[in-house]
There are 2 protein chains.
Amino acid sequence: MSAVIERLAELAQLGRHDAGIDRALATPQERRARERFATWARARGYALTQDDVGNLFARRNGVRDGARSILVGSHLDTVPTGGAYDGAYGVVAALCALEALDERNAATEHPVEAVAWAGEEGSRFPLGCLGSSVFTGAYDGASALALSDALGTTLGQALAASDGGLLDGVSKRDETRVAAYLELHVEQGPILEREGVSLGIVTAIAGQRRYRVAVEGTSGHAGTVPMARRGDALCAAAEMILAAERAALVAGESVATVGSLTVEPNATNVIPRRVTFSVDIRSPDDARIDAVETALRESAGDANARRRVTVAIERLEARAPTPMDPKLRAALGRAVAAIGERAIDVPSGAGHDAICLARIAPTAMLFVPSIGGRSHVAEEETSPHDLEIGVTALAASIVEVDKFVI
Amino acid sequence: MSAVIERLAELAQLGRHDAGIDRALATPQERRARERFATWARARGYALTQDDVGNLFARRNGVRDGARSILVGSHLDTVPTGGAYDGAYGVVAALCALEALDERNAATEHPVEAVAWAGEEGSRFPLGCLGSSVFTGAYDGASALALSDALGTTLGQALAASDGGLLDGVSKRDETRVAAYLELHVEQGPILEREGVSLGIVTAIAGQRRYRVAVEGTSGHAGTVPMARRGDALCAAAEMILAAERAALVAGESVATVGSLTVEPNATNVIPRRVTFSVDIRSPDDARIDAVETALRESAGDANARRRVTVAIERLEARAPTPMDPKLRAALGRAVAAIGERAIDVPSGAGHDAICLARIAPTAMLFVPSIGGRSHVAEEETSPHDLEIGVTALAASIVEVDKFVI
């Protein structure tokens, strides 16, 4: 069994429970995952550092004095019922790629650092891409350390409790040392599997807007209020759900999801008084997101006008699409060709640490297939064959990128 | 303040909480309501009995030997966030009507019994119209006593714990003693208020069918699964909700309600895997219920065919419409005229204990208006003026009915 398979199997034991893997940032199980990373890195003599929010770096030196680093990584934390590959694969593969360079005595101009970003999922502390946001200056470090989990423990307290004695030293955050960033990740969608290829080169990470919609109607007895006099909040919500779905289909290259919906009072014999639901719209193209949002708002206006309800739409988050660096994408294409593989261009519907890194350095991502397109579930899986091709492609990509980034 | 207003205000304190009144069958608060009823009945010398499932009877004697009883009543239990009038009004008004007969020394041929049926709402033990179902032989008494609430307490245990020492004696159930049944109730709908009348004579109690619909789709990441490849259980449910609404509007004189809906896993960034929802269809005309059910099943078939989902519809309950007795309706009409009031014919969209009684004896119902048509909510209200007219009309109805029933 190759190292990447073996190590992923080892990490998959950390935080495992009945319904998947729960390895939130700075928990004991996540600490054990860091310790595995540290052990593997030290065995190869890579210098191990951690910054004050818990980003962990294993550095393989380059030959050119003063050259900036190529960072390669992902994250070790999971959602509460996560799988074995989302994040962990990119971290383990980064280390394996460094080792592959060692094994063929391939010197690079730039230092190459395998990195485990702290807390990408945001499942314990309320900030997604926490470590990469702080590292890149998008979020203040002191504020991040002051974030509390559901039990009132701050990230600072949790890190102090879980990481004592682990590291060679705490490094100062220095985003200026980054020459380029590469991230290898499972696709989490069905495209590569459907196309029958082992590799995807990400064109852009989709922009995302999230909304909370509240529909206020009037409750009443399910048997006694005539249909024409109702203010049924659920019927109004149903129209909006279908309007958002239709708009995303019409706009193309976009997705709209109502994942969460709550009915009040939620009794079989009472007309729904209030329905709240989430809307999540994503596309690599902001104009398409605009189109879906417009359709959603038109549907709300229509419900306000035609039904006895009031609809309020609150925009919680708006993140523009993040295009990947064209030169890096081309380098990844050359690397894939060099190892005799084929890759297709794919968008990333999910968010990644690469979004933050793209703000400060040329950034690109490689995808390997997800079986059944499934992710964020216990059944998340990628074939061993594809996992190994991903590592090979990543090592080759480092070599290609090393040739021209400055 | 008249007795009916005063007593309703007193009962409204029993089980009151922030969001309404919670007075489920055989709870301490419901026991206190029975104690109030018993106290009021005993003060007038009415014989008080209770049968083994908790139906409570206060009997005013008639003058003819061996005559069967005219039963007049409703229920004292409420939904978890109920109001002060649904049920309680009919029980208190029945006692007040008996007292009105006393006050004018009006003898009746038949005994008249004010009755509080046990547990009409079905909000603690899973059986609506529990007491009247058992009394009329539609449901087995031993099975009813063995029904468990959510905490595993049986009705038998709950009655034993809450009613000790309350009553003069436990009566044998004897449905053959019923000559006729009258029930006065708040309309729980908007028709009387809209028409500006204080009284309604019920034509029929709507038939009702209840369904549980389960939509099984496929969950997935909200950002990565293309719209065309989704099996979104919530979008399929939304179509069915709107199909049911449309069908009831088209059928006319019918209502369809999706009051309860649950999404799994109900996370903003996960495509809904499973949605379950209730459907409640009612009409005084069974053919219209058929039409709405057919539309619901067609919509399910359509979702099965067009979407990547599987829809299962389970029919939980089907109750045919219950026409009220024509001779009793005519007698109620004469009674209303005799007191100088006006009544209109109205259907009852809600179910009542009268449905069960209609199986064994001539049965009729009177309605008073519900302000805003609201019921099963804390804001449920009927004007004091209408509450008093209802009592007067009920007393007059007893006199009219007493003249001809056998």
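Worth a mention:
- Residue match in the range A:349-369 (condition: more than 25 Å from A:LEU130 (Cα to Cα) and in contact with a helix residue (DSSP H, G or I) (Cβ under 9 Å, 6 or more places away or on another chain)): yes
- Exclusive hit being under 19 Å from the mean Cα position of the chain (by Cα) and acidic (Asp, Glu), set B:ASP18, B:ASP22: B:ASP22
Results for (1) assigned by TED's automatic domain parsing to the domain that holds B:ALA312; (2) open to solvent by less than 30 Å² (accessible area, probe 1.4 Å); (3) assigned to a helix (DSSP H, G or I), shown as yes or no for each residue.
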{"position": "B:GLY223", "(1), (2), (3)": "yes, yes, no"}
{"position": "B:ARG246", "(1), (2), (3)": "yes, no, yes"}
{"position": "B:LEU249", "(1), (2), (3)": "yes, no, yes"}
{"position": "B:ASN266", "(1), (2), (3)": "yes, no, no"}
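- None of B:GLU187, B:GLU195 is under 18 Å from the mean Cα position of the chain (by Cα) and in contact (Cβ under 8 Å) with a residue 40 or more places away in the chain except B:GLU187.
- Qualifying residue in the range A:104-111 (condition: small (Gly, Ala, Ser), touching a Cys at 6+ places or on another chain (Cβ under 6 Å) and either assigned by TED's automatic domain parsing to the domain that holds A:VAL377 or modelled with pLDDT of 95 or more (or both)): no
- Those residues of the range B:123-137 which are under 15 Å from B:ALA354 (Cα atoms) and surrounded by fewer than 24 Cβ atoms within 10 Å (Cβ to Cβ), in sequence order: B:GLY128, B:THR136, B:GLY137
- Qualifying residue in the range A:342-349 (condition: of a type outside the set (S, T, N, Q), within 14 Å of chain B (Cβ to nearest Cβ) and open to solvent by 50 Å² or more (accessible area, probe 1.4 Å)): yes
- Applying the condition of being in contact with a Ser or Thr (Cβ under 9 Å, 6 or more places away or on another chain) and within 14 Å of chain A (Cβ to nearest Cβ) to the range B:189-199 and asking which residue is farthest from B:ASP286 (Cα to Cα) yields B:GLU193.
- Just one of (1) open to solvent by less than 70 Å² (accessible area, probe 1.4 Å); (2) touching a residue at least 60 places away in the same chain (Cβ under 8 Å); (3) under 21 Å from the mean Cα position of the chain (by Cα) fails for B:LEU316. It is (1).
- Count - residues of the range B:85-136 that are closer than 19 Å to B:ARG173 by Cα, aromatic (Phe, Trp, Tyr) and more than 14 Å from the chain's Cα centre (by Cα): 1
- When the range B:225-242 is filtered for residues that are open to solvent by less than 10 Å² (accessible area, probe 1.4 Å), among the small types (Gly, Ala, Ser) and assigned to a helix (DSSP H, G or I), the ones remaining, listed by number, are B:ALA233, B:ALA236, B:ALA237, B:ALA238.
- Scanning the range A:344-374 for residues that are within 30 Å of A:GLU175 (Cα to Cα) and not hydrophobic (A, V, I, L, M, F, W, C) yields A:ASP345, A:PRO347, A:SER348, A:GLY349, A:GLY351, A:HIS352, A:ASP353, A:ARG359, A:PRO362, A:THR363.
- Where strands (runs of 3 or more DSSP E) fall entirely within the range A:30-106, those with at least 3 residues that are touching a residue at least 12 places away in the same chain (Cβ under 8 Å) and open to solvent by 10 Å² or more (accessible area, probe 1.4 Å) are at A:47-50.
- Hey, A:VAL309 without any contact (Cβ under 8 Å) to a residue 60 or more places away in the chain, surrounded by 22 or more Cβ atoms within 10 Å (Cβ to Cβ) and not assigned by TED's automatic domain parsing to the domain that holds A:ALA107 or not: no
- Failed condition for B:ASP280, given (1) in contact with a strand residue (DSSP E or B) (Cβ under 6 Å, 6 or more places away or on another chain); (2) part of a helix (DSSP H, G or I); (3) acidic (Asp, Glu): (2)
- Taken over the range B:329-341, the criterion of being open to solvent by less than 60 Å² (accessible area, probe 1.4 Å) and touching a strand residue (DSSP E or B) at 6+ places or on another chain (Cβ under 7 Å) is satisfied by B:LEU332, B:GLY333, B:VAL336.
- Each residue in the range A:6-29 was checked for being in a helix (DSSP H, G or I), crowded, with 16+ Cβ neighbours inside 10 Å and not charged (D, E, K, R), and 4 of them qualify.
- The residue of the range B:107-118 that is surrounded by the most Cβ atoms within 10 Å (Cβ to Cβ), among those that are out of contact with any Ser or Thr (no Cβ under 9 Å at 6 or more places or on another chain) and part of a loop (DSSP other than H, G, I, E, B), is B:THR108.
- Residue match in the range A:351-369 (condition: of a type in the set (Asp, Glu) and open to solvent by less than 10 Å² (accessible area, probe 1.4 Å)): yes
- So A:PRO326, is it surrounded by 14 or more Cβ atoms within 10 Å (Cβ to Cβ) and not hydrophobic (A, V, I, L, M, F, W, C): no
- Filtered residues of the range B:209-237 (kept if closer than 27 Å to B:PRO284 by Cα and within 7 Å of chain A (Cβ to nearest Cβ)): B:ARG210
- Meets criteria (outside any loop (DSSP other than H, G, I, E, B), more than 14 Å from A:VAL255 (Cα to Cα) and modelled with pLDDT of 95 or more) for A:ARG288: no
- Criterion violated by B:PRO272 - all others in (1) farther than 22 Å from B:ARG210 by Cβ; (2) touching a residue at least 60 places away in the same chain (Cβ under 8 Å); (3) not acidic (Asp, Glu) satisfied: (2)
- When residues of the range B:238-291 are limited to those that are among the basic types (Lys, Arg) and over 28 Å from the mean Cα position of the chain (by Cα), the one nearest to the other protein chains (Cβ to nearest Cβ): B:ARG273
- Any hit, the range B:281-293, residues being among the hydroxyl-bearing types (Ser, Thr, Tyr) and open to solvent by 10 Å² or more (accessible area, probe 1.4 Å): no
- The helices (runs of 4 or more DSSP H) found entirely in the range B:138-221 that carry 2 or more residues being open to solvent by less than 20 Å² (accessible area, probe 1.4 Å) are B:141-145, B:155-162.
- Filtered by the rule that a residue be among the polar types (S, T, N, Q) and open to solvent by less than 40 Å² (accessible area, probe 1.4 Å), the range B:268-280 gives B:THR276, B:SER278.
- Single residue of A:VAL377, A:VAL405 found to be touching a residue at least 24 places away in the same chain (Cβ under 8 Å) and within 19 Å of the chain's Cα centre (by Cα): A:VAL377
The values are calculated or read from the model by the stated rules, or taken from the named source; none is laboratory data. The shown structure was predicted, so the numbers you read here are calculated from the model rather than taken from an experiment. Ideal geometry is used to build each Cβ from the backbone, glycine not excepted, and the neighbour counts take in all protein chains shown. What goes into the accessible areas is simple: the full protein's heavy atoms, side chains included, and nothing from ligands, DNA or RNA. Shrake-Rupley method; radii C 1.70, N 1.55, O 1.52, S 1.80 Å.
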